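The values are calculated or read from the model by the stated rules, or taken from the named source; none is laboratory data. The shown structure was predicted, so the numbers you read here are calculated from the model rather than taken from an experiment. When we count neighbours, we look across all protein chains shown, and the Cβ atoms used for this are built from the backbone with ideal geometry, even at glycine.
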Amino acid sequence: MVLSGVPLLTVVTFAPLVGALLIALVPRQREGLIRWLALTAAVVAFVASLALLVDFRPDIAGFQAVEEVAWIPAFGIEYKLGLDGISLVLVILTTTLSAISILASFGPIKSRMKEYLISFLILEVGLIGVFLALDLFLFYIFWEIVLVPMYLIIGIWGGANRIYATLKFVLYTLVGSLLMLVAILATAFSFQAATGSWAGAFDFEQLRTFGFDPGLQFLAFGAFFLAFAIKVPMFPLHTWLPDAHVEAPTAGSVILAAVMLKLGAYGFIRFALPLFPQAAQEWAPAIIVLSLIAIIYGAIVALVQPDLKKLVAYSSVSHMGFVTLGIFIFQEQGLQGAILQMVNHGVITGALFLLVGVIYERTHDRAIAKMGGLAAPTPVYAAIFGFFMLASLGLPGMSGFVGEFLVLLGTFDVSPIAAAIATFVIILSAAYLMWMFQRVVFGELSDFLRGLGHHLTDMTPRELLTVTPLVGLTLALGVAPGLVLDLIAMPVTEVLARVAAPLVGAAGP
Amino acid sequence: MSQNDILALLPLILVVVLAMAVIVVDMIVPGRDQLISALAVTGLAAIMVVVAVCGPLPAGIGLLPGAGHQVFPDAVGAGVYVRDQMTTFLDLLFVFIALLSALFAVDYLKPRGLPMAEFTATLLFAISGAMLLAGARDLLILFLGLELLVLPGYMLAGYAKRDGLSTEGAVKYFLLGSFSSAILLFGLALVLGYTGSTRVAGVAGVLADVAAGSTTLAPGLAMGLALLTTGVAFKIAAVPFHYWTPDAYQGSPTPVTGYLSVGPKIAAFALILRLFVEALAPLKADWVGAVIILAAVTMTLGNLVAIGQDNIKRMLGYSSIAHTGYMLVGLAAFAGAPAGSVAEQQGLEALFFYVAVYAFMNLGAFACVSALQRRPGVTSQIGSFAGLGRRAPLLGVAMTLFLLSLIGIPPTAGFFGKAYVILAAVNTGGWVAALAVLMTLNAAAAAFYYLRVVVYMYMREAPDPAQGVPLGLFTRAGLIISAVATALSLFVLTPFIDIVRGAAQALL
């Protein structure tokens, strides 16, 4: 226990907030100082999240490094943070990509840098908080905090149709999450009614061993499902995603794809399954079907997209379909693969959005039809783009392969038909990615790009600095997926044990 | 008068004295608007201290915890006016509303040549009416308090007398207000005729027999109940009795609109609490259905109509109707729960919590509109907000905060208010739980029109970007107070819950 006594989880969560408050005090003319402060805050959060690894014991069940302070004792609401392998992995993913995104913003964001970085850091607080909160009320607060900065980032710094996109994003997510609030309060009340006390009514550790009434489980799971499915996003609730991605600035897209989509999947694994195991069993077949539809639909639609960002966005729908499939197949390899796929998708899709941003910086266009022949003028860019294209389609040796493979393995164990359908789609994903790559990178330099002349430069050192860590991560997780799998093995077993043997109806309504 | 009576009525007396002091000072040194504001603000702040000292508050918060003071107690010890924890809580709130209104008014009224002293004095008289309502336990005193509250309100609405819209709004407000007062009075007369008592405790005693089934609900009493419900529905602007609201809100000078959207509304809820929750509680099974329907219709219609508004004051007017609906959900949670249950008390707690939070955020939002309109000629159309985030950063941030709170995004105060109401509604269950679901859907719909203002402030450019919005000292102070209260409420939730809990227990 090297770091005992330090409330490290609080430090990780609120380091970006401290940065945001400091930035608020700096006059906007001093942009250099503002950038430096933002990057420092993000790096502090990153280092602190790595420090979590020091004392983390992957062999211990339950939560570690728990921090618990009474907040609203009248209703048993606590400020309670805690860590298991799943949250640890996702927190590190968040802090890594947040720091990279902030660095990546320094070029493209031309106006109101101060407000932008404040929004971004507050966004990071919400994201980290969601992964660490163990009190359902606190979890909900972090969950909603994410909404406002993202709304501003898309709406202020986004593209031409940004206002439509950002309102759509907010309204979609708000409908889902508000119903989840009702469900959270209803479960807390049900706990209170059974135990006669509010103490622990929002405490996840107490609630997960409680065993809710099946009727309540069914409804509450429905509300949680809606909130999480919109965030993932699952077919047919995904329509906000392409709009938000296309209009968001590059760093916004990166965080949206790499971290925000994981909130929904994390919510399923952390809260929906252990709290409502019986309802999860009842809902699972429908969700698996929806996941398969998402996998196929996302891939087919990606095939015909004329816009680079939209293509990557729809590929996200397909990839996240693998994640929900892996979760709801209720099988060990499947769930492990799903979590690994969450990390991989974060790294790879994050990198793809960064790369689309690089080309957009130079051309101010994302139309695939206008591109072509990028290999000659920008060889480094083409090579890195190719690397992540291959990683995204699941080339063995890179991280994307392991996650999808484990999900398919787990699915095959339970339902060979579902596995067959999902495997077929890997061909489709190879098709849309390689076809896109071929049109953008190979062949003659297009007239549009030729017209740019010397503006079409290769990647700058700053841009290289943003993608290099992601290249490293992709390779490392491809060769040694155990880095993640060892951390998540114990929590995966716990979750599946809860689903397999649900406590039913231990208490009244 | 005994010492007890004086202690109970002291805050009320002080507000009236302050109103008269304002008039006298204005007669001696006319036209000194800043001085009048400073006098009113310091006076009201002092009165808040007096309220907190005189009135009972939960142990650990109040300086002198106690059971409260009764005025003219009768044989069973129930007075015509009581200073209990509910009175203390609501008085603090009312005085604070007056204080914020006085802070926000001066920068708006002065450039338009509207006299500050008359505004302040009228406002204080209205507040004294609200404070009378908060503690009244006699049907006649309740009606007296109500009229004392609304008559100055009509004057305030028509305060910009050379402005056609202001006069139109005031006349509508006056006509429908008088009409609803008459209906209410009819209802009171029928209740009096049936129960033979004007005392709240006496009425409740007689009605308890009806509820117990030993006597039937007489047609006259049912009629009285219907008339009372209609009367208070007018006063809180519940749908379908809301038609006066948008015109009165749009026409009134903006600081007056801010006051009208919180002061009379919360005071009318005080009336409901004393009348329905205390006097008519035994019959609650008979009126809960009406409250559920009113709540559902009010929040839904208020929000749907607000979506289409391009005038901010009108939009906030309709949104305040929607918030009335949310408050009614709290009342429904009380009424739908079995007598003596925890859920019953929680409904009232939620109602108290929500009205306080609503007062801060709604006054703050109107204060932003009024600060923006400091220069005469700036309309309250949504276009006036274009590029505000750049032109006036403090105003932009404050307005965004109030709007987020009105939507109910955590960690603003509005979120905790909504969560409390939803929790209470879920606890009560049944149809009231369905109201909670409807409420969340409404909150999502409301996000659309609130965020539209944010879109204008931050995502559109002003026609004249160089034009700043200078804030006066008083406005700045008021904005900071209400913004801090809205943003940092999460740190003081426990004492605040204790206070609303004490207020709710005082009623039951």
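Would you please name the residue that is nearest to residue A:28 (Cα to Cα), looking only at residues in the stretch A:104-153 that are part of a loop (DSSP other than H, G, I, E, B) and charged (D, E, K, R)? Please lay out each step first, then the result.
Taking the stretch A:104-153 as the starting set, the residues that turn out to be part of a loop (DSSP other than H, G, I, E, B) are A:106-112, A:134, A:146.
Add one more test, that the residue is charged (D, E, K, R), and what stays is A:110, A:112.
Working: A:110: 13, A:112: 8 Å.
Checked the stretch A:104-153; the qualifying residue nearest to residue A:28 (Cα to Cα) is A:112.
Give the stretch A:281-292 a look and list any residue that's within 11 Å of residue A:234 (Cβ to Cβ) and either without any contact (Cβ under 8 Å) to a residue 40 or more places away in the chain or surrounded by fewer than 16 Cβ atoms within 10 Å (Cβ to Cβ) (or both), or say none.
A:286, A:289
Looking only at the stretch A:148-166, which residues are among the hydrophobic types (A, V, I, L, M, F, W, C) and either surrounded by fewer than 21 Cβ atoms within 10 Å (Cβ to Cβ) or more than 9 Å from chain B (Cβ to nearest Cβ) (or both)? Don't jump to the end; show me each part of the working.
As a first pass, look at the stretch A:148-166 and keep what is among the hydrophobic types (A, V, I, L, M, F, W, C): A:148, A:150, A:152-154, A:156-157, A:160, A:163, A:165.
A:150, A:153, A:154, A:157, A:160, A:163, A:165, listed by residue number.
Right, residue B:344: touching a residue at least 24 places away in the same chain (Cβ under 8 Å), within 18 Å of the chain's Cα centre (by Cα), over 25 Å from residue B:449 (Cβ atoms) and part of a helix (DSSP H, G or I) or not? Please lay out each step first, then the result.
On the way: touching a residue at least 24 places away in the same chain (Cβ under 8 Å): yes; within 18 Å of the chain's Cα centre (by Cα): no; over 25 Å from residue B:449 (Cβ atoms): yes; part of a helix (DSSP H, G or I): yes.
No; evaluated as a whole, the condition is false for this residue.
Being under 23 Å from residue B:383 (Cα atoms) and under 18 Å from the mean Cα position of the chain (by Cα) is true for just one of B:251, B:317. Which residue is that?
One residue alone meets the criteria, B:317.
Does residue B:194 satisfy the criteria of being in contact with a Leu (Cβ under 6 Å, 6 or more places away or on another chain), touching a residue at least 24 places away in the same chain (Cβ under 8 Å) and part of a helix (DSSP H, G or I)? I'd like the intermediate steps shown before the answer.
On the way: in contact with a Leu (Cβ under 6 Å, 6 or more places away or on another chain): yes; touching a residue at least 24 places away in the same chain (Cβ under 8 Å): yes; part of a helix (DSSP H, G or I): yes.
Judged against the criteria, residue B:194 is a match.
Given the structure, is residue A:448 surrounded by fewer than 16 Cβ atoms within 10 Å (Cβ to Cβ), of a type outside the set (Gly, Ala, Ser) and part of a helix (DSSP H, G or I)? Steps first, please.
Details: surrounded by fewer than 16 Cβ atoms within 10 Å (Cβ to Cβ): yes; of a type outside the set (Gly, Ala, Ser): yes; part of a helix (DSSP H, G or I): yes.
Yes: the conditions hold for residue A:448.
Being in a helix (DSSP H, G or I), over 30 Å from residue A:445 (Cα atoms) and not charged (D, E, K, R), is that true of even one residue in the stretch A:308-318?
We begin by selecting, within the stretch A:308-318, every residue in a helix (DSSP H, G or I); these are A:308-318.
Those still in the list that are over 30 Å from residue A:445 (Cα atoms) too: A:317-318.
Then keep just the ones that are not charged (D, E, K, R); that gives A:317-318.
Yes, the stretch A:308-318 contains at least one residue that is in a helix (DSSP H, G or I), over 30 Å from residue A:445 (Cα atoms) and not charged (D, E, K, R).
Report, by residue number, each residue of the stretch B:429-448 that is crowded, with 23+ Cβ neighbours inside 10 Å, more than 9 Å from chain A (Cβ to nearest Cβ) and farther than 13 Å from residue B:328 by Cβ.
B:446
Pairs needed: first member in the stretch A:335-361, farther than 25 Å from residue A:412 by Cβ; second member anywhere, not in a helix (DSSP H, G or I); C-beta distance under 7 Å; at least 6 residues apart or different chains.
A:356/A:366; A:357/A:108; A:358/A:459; A:360/A:366; A:361/A:107; A:361/A:108
Quick one: which of B:334, B:416, B:353 is hydrophobic (A, V, I, L, M, F, W, C), within 28 Å of residue B:429 (Cα to Cα) and in contact with a strand residue (DSSP E or B) (Cβ under 9 Å, 6 or more places away or on another chain)? Please lay out each step first, then the result.
Working: B:334 fails: in contact with a strand residue (DSSP E or B) (Cβ under 9 Å, 6 or more places away or on another chain); B:353 fails: in contact with a strand residue (DSSP E or B) (Cβ under 9 Å, 6 or more places away or on another chain).
Just a single option satisfies the conditions, and that option is B:416.
Suppose the filter is within 29 Å of residue A:500 (Cα to Cα) and of a type in the set (Asp, Glu); does residue A:361 pass it? Show your work before the answer.
Working: within 29 Å of residue A:500 (Cα to Cα): no; of a type in the set (Asp, Glu): yes.
No.
Return the residues of the stretch A:190-208 that are in contact with a Leu (Cβ under 7 Å, 6 or more places away or on another chain) and within 14 Å of chain B (Cβ to nearest Cβ); say none if nothing qualifies.
Matches in the stretch A:190-208: A:190, A:191, A:202.
Kindly indicate which of A:413, A:458 is touching a residue at least 60 places away in the same chain (Cβ under 8 Å), surrounded by 15 or more Cβ atoms within 10 Å (Cβ to Cβ) and among the charged types (D, E, K, R). Give the steps one after another, and end with the answer.
Numbers: A:413 fails: surrounded by 15 or more Cβ atoms within 10 Å (Cβ to Cβ).
Answer to the selection: A:458.
Condition check: surrounded by fewer than 21 Cβ atoms within 10 Å (Cβ to Cβ), within 14 Å of chain B (Cβ to nearest Cβ) and at positive phi. Does residue A:211 satisfy that?
Criteria not met by residue A:211.
Out of everything in the stretch A:55-73 that is surrounded by fewer than 15 Cβ atoms within 10 Å (Cβ to Cβ) and either of a type in the set (Phe, Trp, Tyr) or part of a strand (DSSP E or B) (or both), what residue ends up being farthest from the other protein chains (Cβ to nearest Cβ)?
First, pick out the residues of the stretch A:55-73 that are surrounded by fewer than 15 Cβ atoms within 10 Å (Cβ to Cβ): A:57, A:59-62, A:66, A:68-70, A:73.
Okay, now just the ones that are also either of a type in the set (Phe, Trp, Tyr) or part of a strand (DSSP E or B) (or both), so A:66, A:68-70.
Working: A:66: 21, A:68: 16, A:69: 12, A:70: 9 Å.
Only one residue fits best here, namely A:66.
Hey, residue B:503 hits all of (1) surrounded by 17 or more Cβ atoms within 10 Å (Cβ to Cβ); (2) more than 12 Å from every other protein chain (Cβ to nearest Cβ); (3) more than 16 Å from residue B:350 (Cβ to Cβ) but one; which does it fall short on?
With (1) surrounded by 17 or more Cβ atoms within 10 Å (Cβ to Cβ); (2) more than 12 Å from every other protein chain (Cβ to nearest Cβ); (3) more than 16 Å from residue B:350 (Cβ to Cβ) applied to residue B:503, the lone miss is (3).
I'm told residue A:459 meets every condition in (1) under 30 Å from residue A:58 (Cα atoms); (2) not in a helix (DSSP H, G or I) except one. Can you identify the failing condition by its number?
(1)
So which of B:204, B:182 is surrounded by 13 or more Cβ atoms within 10 Å (Cβ to Cβ) and either in contact (Cβ under 8 Å) with a residue 60 or more places away in the chain or not basic (Lys, Arg) (or both)?
Among B:204, B:182, only B:204 is surrounded by 13 or more Cβ atoms within 10 Å (Cβ to Cβ) and either in contact (Cβ under 8 Å) with a residue 60 or more places away in the chain or not basic (Lys, Arg) (or both).
Looking at A:131, A:120, A:106, which one is in contact with a helix residue (DSSP H, G or I) (Cβ under 9 Å, 6 or more places away or on another chain), surrounded by fewer than 24 Cβ atoms within 10 Å (Cβ to Cβ) and away from every other protein chain (no Cβ under 14 Å)?
Details: A:131 fails: surrounded by fewer than 24 Cβ atoms within 10 Å (Cβ to Cβ); A:120 fails: surrounded by fewer than 24 Cβ atoms within 10 Å (Cβ to Cβ).
Among A:131, A:120, A:106, only A:106 is in contact with a helix residue (DSSP H, G or I) (Cβ under 9 Å, 6 or more places away or on another chain), surrounded by fewer than 24 Cβ atoms within 10 Å (Cβ to Cβ) and away from every other protein chain (no Cβ under 14 Å).
What residue, of B:462, B:483, B:419, is more than 8 Å from chain A (Cβ to nearest Cβ), modelled with pLDDT of 90 or more and in contact with a helix residue (DSSP H, G or I) (Cβ under 8 Å, 6 or more places away or on another chain)? Write out each step before concluding.
Working: B:462 fails: modelled with pLDDT of 90 or more; B:419 fails: more than 8 Å from chain A (Cβ to nearest Cβ).
None of the other options fit; the residue is B:483.
So, in the stretch B:396-416, of the ones that are more than 9 Å from chain A (Cβ to nearest Cβ) and surrounded by fewer than 24 Cβ atoms within 10 Å (Cβ to Cβ), which residue ends up farthest from residue B:249 (Cα to Cα)?
B:397
Scan the stretch A:341-365 residue by residue and report those that are of a type outside the set (Val, Ile, Thr) and closer than 23 Å to residue A:452 by Cβ. Talk me through it step by step, then tell me what you get.
First pass over the stretch A:341-365, keeping only residues of a type outside the set (Val, Ile, Thr): A:341-342, A:344-346, A:350-355, A:357, A:360-362, A:364-365.
Once the filter is applied, which keeps residues that are of a type outside the set (Val, Ile, Thr) and closer than 23 Å to residue A:452 by Cβ, the stretch A:341-365 yields A:352, A:353, A:354, A:355, A:357, A:360, A:361, A:362, A:364, A:365.
Only one of A:177, A:98 is more than 10 Å from every other protein chain (Cβ to nearest Cβ), buried (at least 22 other Cβ atoms within 10 Å of the Cβ) and of a type outside the set (A, V, I, L, M); which?
Details: A:177 fails: more than 10 Å from every other protein chain (Cβ to nearest Cβ).
From the options A:177, A:98, the qualifying one is A:98.
Name the residue, out of B:330, B:377, that is away from chain A (no Cβ under 13 Å) and either over 25 Å from residue B:100 (Cα atoms) or in contact with a Gly (Cβ under 6 Å, 6 or more places away or on another chain) (or both).
On the way: B:377 fails: either over 25 Å from residue B:100 (Cα atoms) or in contact with a Gly (Cβ under 6 Å, 6 or more places away or on another chain) (or both).
The unique qualifying residue is B:330.
Out of (1) under 22 Å from the mean Cα position of the chain (by Cα); (2) modelled with pLDDT of 85 or more; (3) of a type in the set (Ser, Thr, Tyr), the odd one out for residue A:399 is which?
(2)
Does at least one position in the stretch B:465-473 carry a residue that is more than 8 Å from chain A (Cβ to nearest Cβ) and touching an Asp or Glu at 6+ places or on another chain (Cβ under 6 Å)?
Taking the stretch B:465-473 first, the residues more than 8 Å from chain A (Cβ to nearest Cβ) are B:465-473.
If we keep only those that are touching an Asp or Glu at 6+ places or on another chain (Cβ under 6 Å) as well, we get B:472.
Yes: the stretch B:465-473 contains one or more residues that are more than 8 Å from chain A (Cβ to nearest Cβ) and touching an Asp or Glu at 6+ places or on another chain (Cβ under 6 Å).
Checking residue A:201 against (1) surrounded by 23 or more Cβ atoms within 10 Å (Cβ to Cβ); (2) assigned to a helix (DSSP H, G or I): exactly one of these is not met. Which one?
Tallying (1) surrounded by 23 or more Cβ atoms within 10 Å (Cβ to Cβ); (2) assigned to a helix (DSSP H, G or I), residue A:201 fails exactly one: (2).
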